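J.: One structure follows; several queries about it will come next.
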Amino acid sequence: MKLTKLLNLYLDRFEGNFAVLLIDQTQINLPRKLLPEEASPGDFLSLDIRIDENKKRMSASEITRLKKHLNGSEG
């Protein structure tokens, strides 16, 4: 199972507080403050998307705990 995906984005332009990014034929608007300060139109950016297994496990554990609490099986 692949837990990460690397996307290559093209920074097309800025519109106000948003960066207009292109990936393939898809446009993505991202808050400008999330980009490196030096980023400028014409730059190519990499976005590494990963599944955070630790947070996923913690979340599942918390959901289980809350279900037990709601069902009255936790003190």
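Here, each number is a calculation from the coordinates, and none is a lab measurement. All of these numbers come straight from a predicted model, not from anything done at the bench. Here Cβ is always computed from backbone atoms with ideal geometry, including for glycine, and neighbour counts include all displayed protein chains.
Every residue, every condition in (1) without any contact (Cβ under 8 Å) to a residue 40 or more places away in the chain; (2) closer than 24 Å to L3 by Cα; (3) out of contact with any Asp or Glu (no Cβ under 6 Å at 6 or more places or on another chain), yes or no:
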residue: I28; (1), (2), (3): yes, yes, yes
residue: L34; (1), (2), (3): yes, yes, yes
residue: A39; (1), (2), (3): yes, no, yes
residue: D43; (1), (2), (3): yes, no, yes
residue: R50; (1), (2), (3): no, yes, yes
residue: E53; (1), (2), (3): no, yes, yes
residue: R57; (1), (2), (3): yes, yes, yes
residue: K68; (1), (2), (3): yes, no, no
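J.: Could you check how many residues of region 6-16 are charged (D, E, K, R) and either over 10 Å from F44 (Cα atoms) or in a loop (DSSP other than H, G, I, E, B) (or both)? Quick ask: steps written out before the conclusion?
T.: First, pick out the residues of region 6-16 that are charged (D, E, K, R): 12-13, 15.
Applying the additional criterion that residues be either over 10 Å from F44 (Cα atoms) or in a loop (DSSP other than H, G, I, E, B) (or both) yields 13, 15.
Of the residues in region 6-16, 2 are charged (D, E, K, R) and either over 10 Å from F44 (Cα atoms) or in a loop (DSSP other than H, G, I, E, B) (or both).
J.: Now, a different point. Output the residue which, of all residues in region 30-70 that are of a type in the set (D, E) and within 16 Å of L11 (Cβ to Cβ), is surrounded by the most Cβ atoms within 10 Å (Cβ to Cβ).
T.: D43
J.: While we're looking at this one, here's another question. So A19 clears everything in (1) assigned to a strand (DSSP E or B); (2) out of contact with any helix residue (DSSP H, G or I) (no Cβ under 9 Å at 6 or more places or on another chain) except one condition, right? Which one?
T.: If we test A19 against (1) assigned to a strand (DSSP E or B); (2) out of contact with any helix residue (DSSP H, G or I) (no Cβ under 9 Å at 6 or more places or on another chain), just (2) comes out false.
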